[in-house]
Protein chains: 10
Amino acid sequence: MNKAEMKEAILEAKFEKGLKWSDIAKAAGLSAEYTCSACLGMNHLEKQNAEAVAEVLGLGNEISTELQRFPHKIWSQAIPTDPVIYRWYEMVGVYGETIKELINEKFGDGIMSAIDFTMNIDKQEDPKGDRVLVTISGKFLPYKSW
Amino acid sequence: MNKAEMKEAILEAKFEKGLKWSDIAKAAGLSAEYTCSACLGMNHLEKQNAEAVAEVLGLGNEISTELQRFPHKIWSQAIPTDPVIYRWYEMVGVYGETIKELINEKFGDGIMSAIDFTMNIDKQEDPKGDRVLVTISGKFLPYKSW
Amino acid sequence: MNKAEMKEAILEAKFEKGLKWSDIAKAAGLSAEYTCSACLGMNHLEKQNAEAVAEVLGLGNEISTELQRFPHKIWSQAIPTDPVIYRWYEMVGVYGETIKELINEKFGDGIMSAIDFTMNIDKQEDPKGDRVLVTISGKFLPYKSW
Amino acid sequence: MNKAEMKEAILEAKFEKGLKWSDIAKAAGLSAEYTCSACLGMNHLEKQNAEAVAEVLGLGNEISTELQRFPHKIWSQAIPTDPVIYRWYEMVGVYGETIKELINEKFGDGIMSAIDFTMNIDKQEDPKGDRVLVTISGKFLPYKSW
Amino acid sequence: MNKAEMKEAILEAKFEKGLKWSDIAKAAGLSAEYTCSACLGMNHLEKQNAEAVAEVLGLGNEISTELQRFPHKIWSQAIPTDPVIYRWYEMVGVYGETIKELINEKFGDGIMSAIDFTMNIDKQEDPKGDRVLVTISGKFLPYKSW
Amino acid sequence: MNKAEMKEAILEAKFEKGLKWSDIAKAAGLSAEYTCSACLGMNHLEKQNAEAVAEVLGLGNEISTELQRFPHKIWSQAIPTDPVIYRWYEMVGVYGETIKELINEKFGDGIMSAIDFTMNIDKQEDPKGDRVLVTISGKFLPYKSW
Amino acid sequence: MNKAEMKEAILEAKFEKGLKWSDIAKAAGLSAEYTCSACLGMNHLEKQNAEAVAEVLGLGNEISTELQRFPHKIWSQAIPTDPVIYRWYEMVGVYGETIKELINEKFGDGIMSAIDFTMNIDKQEDPKGDRVLVTISGKFLPYKSW
Amino acid sequence: MNKAEMKEAILEAKFEKGLKWSDIAKAAGLSAEYTCSACLGMNHLEKQNAEAVAEVLGLGNEISTELQRFPHKIWSQAIPTDPVIYRWYEMVGVYGETIKELINEKFGDGIMSAIDFTMNIDKQEDPKGDRVLVTISGKFLPYKSW
Amino acid sequence: MNKAEMKEAILEAKFEKGLKWSDIAKAAGLSAEYTCSACLGMNHLEKQNAEAVAEVLGLGNEISTELQRFPHKIWSQAIPTDPVIYRWYEMVGVYGETIKELINEKFGDGIMSAIDFTMNIDKQEDPKGDRVLVTISGKFLPYKSW
Amino acid sequence: MNKAEMKEAILEAKFEKGLKWSDIAKAAGLSAEYTCSACLGMNHLEKQNAEAVAEVLGLGNEISTELQRFPHKIWSQAIPTDPVIYRWYEMVGVYGETIKELINEKFGDGIMSAIDFTMNIDKQEDPKGDRVLVTISGKFLPYKSW
């Protein structure tokens, strides 16, 4: 079994059981965002969390074991085509330099970590049309001189 | 004058006057994020805001006029190399499908707009290392059938 | 079953039954354009429409279920090679800036949505050679400042 | 003088005179879409039209001569980044095969010409948000066997 | 059955029967060039021609049906590597602008069609080494203004 | 002076003098196709031919000298965008394998030279629309074993 | 059977029989370099040579037949990664213009053929470290004017 | 002064003085191949050699100094377009694996150095057409385990 | 069996037996780094080492044989996406020129070998967060003139 | 002044003064590696260090100011061509997965930072040929779940 097979099995089981990512996340004791990313093969879970995820999905040991393996994070489209993901790519293109300017101004020379990092996606109801509210928190890492 | 020359003139004036993006934004009556992106040539300002920005920077009419022009949003690196911006590109690669899954689950089939959109970048003090807190709100747009 | 298998099964059934896209669309209660795009795996159908499509094609539940799943919109050729599709790519290359100029002039700074969007393809008879008449309507989305 | 310099001179004169593309097109006796594309360097104008365009813009002989030259149609971004133009690229990616299916079904094996071709861009007022209405007519060209 | 499988079956049958493209073309009542391109999956044949091709190759109905389907013209190498095909790519690189200059001079602004198009490949005996003689005829299509 | 400057000077002089490629070619004592390609910087001319070309264009020694230099044949677009040249690229994509099949069948394993090579472009009048007639003759070069 | 399957079968048989390329070449009556390239699928062998190769490897008719087919020369890595092959790519990058300068100086404007071509690879013993000695002979082909 | 300016100055002086690479190489006391590559900016010369080259070309100190600088070896075309250089690229594509097989067989696992390396280009007269004879000698470097 | 299958078999056996790379390396009598790279298919092992590796993993002859074959070193991502490997790619981008400057200054014109090369990866405990300590030793190879 | 102009000015002054990177580093009170990278425009220096560097090079205020600006880290070659830098790229390609395996085994799931990072380059004398010894220390950053 590999991550791609695991992902397919999880998505199928989730669909058949009519579960939501928040249900699976609750079982894992983690956020829906992190749990989902692990189920898609982009993060790993600790043993206990992995077993809880496999159980709620009615899947066996193999899935739990695979969820614990450290993933190779690979994406094949340098520029994503799906409109949901492309809009984020576009956001990085349009606002990337702005983000850099403001981080540099507020923190000094350094980066915002994509490793020590959390992301939450919420629904913001709005009479003019609901909005997606995303909150991202990444540790600031200063460049080190030596 | 074009956007690239405008950007250079603004960055130079900002540096010489020792202004922060928040100072310029206050003059514009807009957020630091949007104001910065307009000064970098990735958005336009309305006449009144543009004149205020030019004034606080001690720059003339040409800058104000250029700030009002609608930009062609162009970036030359399909995969950005600067580490600050690359980490965001990586985030889209690693979490893009997760974002899609959760938006689809909470809102149905559709996208999060990168046009009707706001982004705020804040400093979150933390004894284990300060964090960059980013809040993004984008309107949900459902796919339309016909 | 995935979208690629669904597409293959639909095209085969359509061929064997001698149906036209307009026949299938009538069953779906939608336009031929949207219905066709859903059958090719680029859009989803609501339950009722999906079942009607599966039925008219003499296909079972699996197809109907797959038609309802939200697609990942992926195309593998950054520059399409088939001459029909390339001509459209060329049109975007040649007239893209013109489209931008005219939208900006008539509506202000913003974009034409590719999500809240309809497209119709008709035959225009002409003694000098028939013509393809395409009508596209996309919602204007103004850039938002904040 | 080359097409790039011509384009810059025209855009500047248009801005200073406060003209719209429809004003320039009226002088040329052509549509705003075609006139605009010629002024951006992507088509040529016949002598009489070119002179009328130069005149209404208050520009001299050089511009008129350059407008008459047959352009090399070159675009440097295989995948455009400006959101207005990208949305059209996306439309070709998502609906390209659908367009091919429907043209093939209605006309037989062949293409829709991007040479014998017209495009019109109109504003469609709508209480739920104005829409961009684009009408494209391209001659059908059947593949020839021999 | 798809075009790739059809191509493989035809090449195998052609090899086993010791047929030449000219033999197959004669059966089809078309040129060797067009017939070959259809057998390789890059054009379609009308019913009668397709059946004649299948028959001369001793192949069944499936092949005849597949030959009649309109192909998606796809090539995977943007720059071909096989020396025979690369030399043609090189020719387009070296002489492309020359071709454009001469077509423009003789015909006006427009293109040479690759759809209403014929190509013949002949052997020209020559004591200094035989030559490949290629004759291509493409309809001139003038750019249309509107 | 380099080939790019030479090309620009020649095109300007040709335009001002109202010369055709066939006029310049007559002076050179060569075909219009080869002469044009040399003037665009893609081939070189022998001394006598180069001087005749410079003279008919009213250009000096520098141009004649530059025309004699052996060019570095460079094109910057791996996939050309101008429609005239793209159609030729497409022709190589669609018919490349066909060309290979027929050359191999008629001549054996080898290639058609793009070096020992001639190309002629003629106008073929036709009541259904004039046609571009292109005749290409390239020496067959058999692969050598050793 | 195709060239890829043939290559795999030959490499396996060669390994099991403990043969060297020079042994196989001797059977073929050709050089080790050409024979090896044919066995890897990049050249073809005449009937007699192909049968001798198949025989010495203990392989049947299928292999002999496949060795006789004219190959499509395809490589998938535009820039090779294996260090042995990359060093040759680097050599072309570093010395390509030097090679061109010297060929042009010694022979005039033209190329060195990669078709009428031989290559030999020998071991040159050297106390400071053995050296690979490569001798390449390619026919000079002058550019032809017309 | 940089390597590009140096190269241009050297090529111009060489042309005006009517020197051959072999003349310049004799002055340098090195081969024509190495000397040429240094003059094109792809290698450096020791002080004494550099001064001799500058002198024979009638160029001053700046050239001599620049010739001594260690170059950054940069080429901008991943796949070269000039036919002379492309044929070498093709040779690497077609024969790369053959070279690897034979080096591995004769020397063991390792590479042929492109650093400790010599290349000579000679003219081989031949009644059937002169040939370019290239001799390359590169040190074998075995992979090291640890 | 090929290198990819070998790698999969080894990783599975390693996981099931709960072995570390250092355990396998000890059996091989080589470093963990080199042993690991050979098991991943990027280097070969001598017979004795290969047999020891196969034995400690409880794998048979096929694995041992495959470990001895000289690999084709191929990686499919020109720019790696996994964050661990990307950070190294970034390091080469940011510090590549610095490395070149310092090697050139300390050793003269030449390179650091990636063939005669060792790499060790150690854990450096640190109260502010453990560090990865990498030590690389590559032979300096001076450019050779001739 | 920008980073590129700064770099050029520093390299010229360094050459004229005959300074080594270690001399400049001593003035800066930092390592040669970090100082060099800042002078090449890939890192910034604190005010005091920047002034010391400018002084030792005999350069003025502008250089010192520019050295203090936070750089945009941009490299234009996705795959570097200079052999010194390419060998490092190759090392990442060949050993990237090995590095990941060993870091994961010793530290758990996470990365080695390229931000909190030091690199030292030393000369290791060796009778069989001097070696470049590189020592890199990067902080381990564990992936965070949430």
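Which residues, taken from region I:121-146, are assigned to a strand (DSSP E or B), open to solvent by less than 50 Å² (accessible area, probe 1.4 Å) and more than 7 Å from chain J (Cβ to nearest Cβ)? Before the answer, list the steps.
Step one: list which residues in region I:121-146 are assigned to a strand (DSSP E or B), which gives I:121-124, I:131-142.
Okay, now just the ones that are also open to solvent by less than 50 Å² (accessible area, probe 1.4 Å), so I:121, I:131-141.
Of everything in region I:121-146, just one residue is assigned to a strand (DSSP E or B), open to solvent by less than 50 Å² (accessible area, probe 1.4 Å) and more than 7 Å from chain J (Cβ to nearest Cβ), namely I:Leu141.
Among the residues of region C:34-47, how many are more than 9 Å from the chain's Cα centre (by Cα) and at negative phi?
From region C:34-47, those more than 9 Å from the chain's Cα centre (by Cα) are C:39, C:41, C:44-47; that's our starting set.
From what's left, at negative phi: C:39, C:44-47.
Total meeting the criteria: 5.
Could you identify the single residue in D:Glu62, D:Glu97, D:Glu90, D:Glu105 that is more than 30 Å from E:Lys73 (Cβ to Cβ), of a type outside the set (Phe, Trp, Tyr) and at pLDDT 95 or above?
On the way: D:Glu97 fails: more than 30 Å from E:Lys73 (Cβ to Cβ); D:Glu90 fails: more than 30 Å from E:Lys73 (Cβ to Cβ); D:Glu105 fails: more than 30 Å from E:Lys73 (Cβ to Cβ).
Criteria check complete, one pass: D:Glu62.
Being in contact with a Gly (Cβ under 7 Å, 6 or more places away or on another chain) and of a type in the set (A, V, I, L, M) is the filter here, so list the residues in region E:116-146 that pass it.
Correct list: E:Val132, E:Leu141.
Restricting attention to region B:1-25, which residues are touching a residue at least 24 places away in the same chain (Cβ under 8 Å) and among the basic types (Lys, Arg)?
If the condition is that a residue be touching a residue at least 24 places away in the same chain (Cβ under 8 Å) and among the basic types (Lys, Arg), then B:Lys3, B:Lys7, B:Lys14, B:Lys17 are the ones that fit.
Residues of region F:95-112 being facing chain E (nearest Cβ under 7 Å) and either touching a Gly at 6+ places or on another chain (Cβ under 6 Å) or open to solvent by 10 Å² or more (accessible area, probe 1.4 Å) (or both), which ones?
Pass one, region F:95-112, residues facing chain E (nearest Cβ under 7 Å): F:95-103, F:105-107, F:111-112.
F:Tyr95, F:Glu97, F:Glu101, F:Glu105, F:Lys106, F:Phe107, F:Met112 - these are the residues of region F:95-112 that are facing chain E (nearest Cβ under 7 Å) and either touching a Gly at 6+ places or on another chain (Cβ under 6 Å) or open to solvent by 10 Å² or more (accessible area, probe 1.4 Å) (or both).
Filter region C:41-58 for residues that are facing another protein chain (nearest Cβ under 9 Å) and in contact with a Ser or Thr (Cβ under 6 Å, 6 or more places away or on another chain) and give the result.
Result: C:Asn43, single match.
For F:Phe117, state whether it is at negative phi and open to solvent by less than 10 Å² (accessible area, probe 1.4 Å).
Values: at negative phi: yes; open to solvent by less than 10 Å² (accessible area, probe 1.4 Å): yes.
Here the answer is yes, as F:Phe117 does meet what is asked.
Given the conditions (1) of a type in the set (Val, Ile, Thr); (2) touching a Ser or Thr at 6+ places or on another chain (Cβ under 8 Å); (3) in a loop (DSSP other than H, G, I, E, B), report the number of the one that J:Thr81 does not fulfil.
(2)
Hey, among B:Ala54, B:Ala50, which residue is part of a helix (DSSP H, G or I), in the same structural domain as B:Lys14 (by TED's automatic domain parsing), under 18 Å from the mean Cα position of the chain (by Cα) and free of Cβ contacts under 8 Å to residues at least 24 places away in the same chain? Before the answer, list the steps.
Numbers: B:Ala54 fails: under 18 Å from the mean Cα position of the chain (by Cα).
The conditions single out B:Ala50.
Out of all the residues in region B:109-119, is one or more under 16 Å from A:Lys100 (Cα atoms) and not hydroxyl-bearing (Ser, Thr, Tyr)?
Keep residues of region B:109-119 that are under 16 Å from A:Lys100 (Cα atoms), which gives B:119.
Still in the list and also not hydroxyl-bearing (Ser, Thr, Tyr): B:119.
For region B:109-119, residues under 16 Å from A:Lys100 (Cα atoms) and not hydroxyl-bearing (Ser, Thr, Tyr): present.
Anything in region I:88-120 that is of a type in the set (Gly, Ala, Ser) and not in a helix (DSSP H, G or I)? List them, or say none. Break it down into steps so the answer makes sense when it comes.
At the first step, the residues of region I:88-120 found to be of a type in the set (Gly, Ala, Ser) are I:93, I:96, I:108, I:110, I:113-114.
If the condition is that a residue be of a type in the set (Gly, Ala, Ser) and not in a helix (DSSP H, G or I), then I:Gly108, I:Gly110, I:Ser113, I:Ala114 are the ones that fit.
For region C:34-47, enumerate the residues that are open to solvent by 10 Å² or more (accessible area, probe 1.4 Å) and part of a helix (DSSP H, G or I).
Hit for region C:34-47 is C:Lys47, nothing else.
Return the residues of region B:59-94 that are more than 7 Å from every other protein chain (Cβ to nearest Cβ) and among the hydrophobic types (A, V, I, L, M, F, W, C); say none if nothing qualifies.
Result: B:Leu59, B:Ile63, B:Leu67.
Could you list, in sequence order, the residues of region C:57-75 that are open to solvent by less than 10 Å² (accessible area, probe 1.4 Å) and not in a helix (DSSP H, G or I)?
Within region C:57-75, C:Leu57, C:Pro71, C:Lys73 qualify.
State which residue is nearest to the other protein chains (Cβ to nearest Cβ) when the search covers only region H:10-30 and only residues that are in a loop (DSSP other than H, G, I, E, B) and surrounded by fewer than 19 Cβ atoms within 10 Å (Cβ to Cβ).
Among them, the one singled out is H:Lys20.
The values are calculated or read from the model by the stated rules, or taken from the named source; none is laboratory data. Computed from a prediction, not measured in an experiment: that's the story for all the values here. Neighbour counts are summed over all protein chains in view; Cβ atoms, including those assigned to glycine, are modelled from backbone coordinates with ideal geometry. Heavy atoms of the whole protein, side chains included, go into the accessibility calculation; ligands, DNA and RNA do not. Shrake-Rupley method; radii C 1.70, N 1.55, O 1.52, S 1.80 Å.
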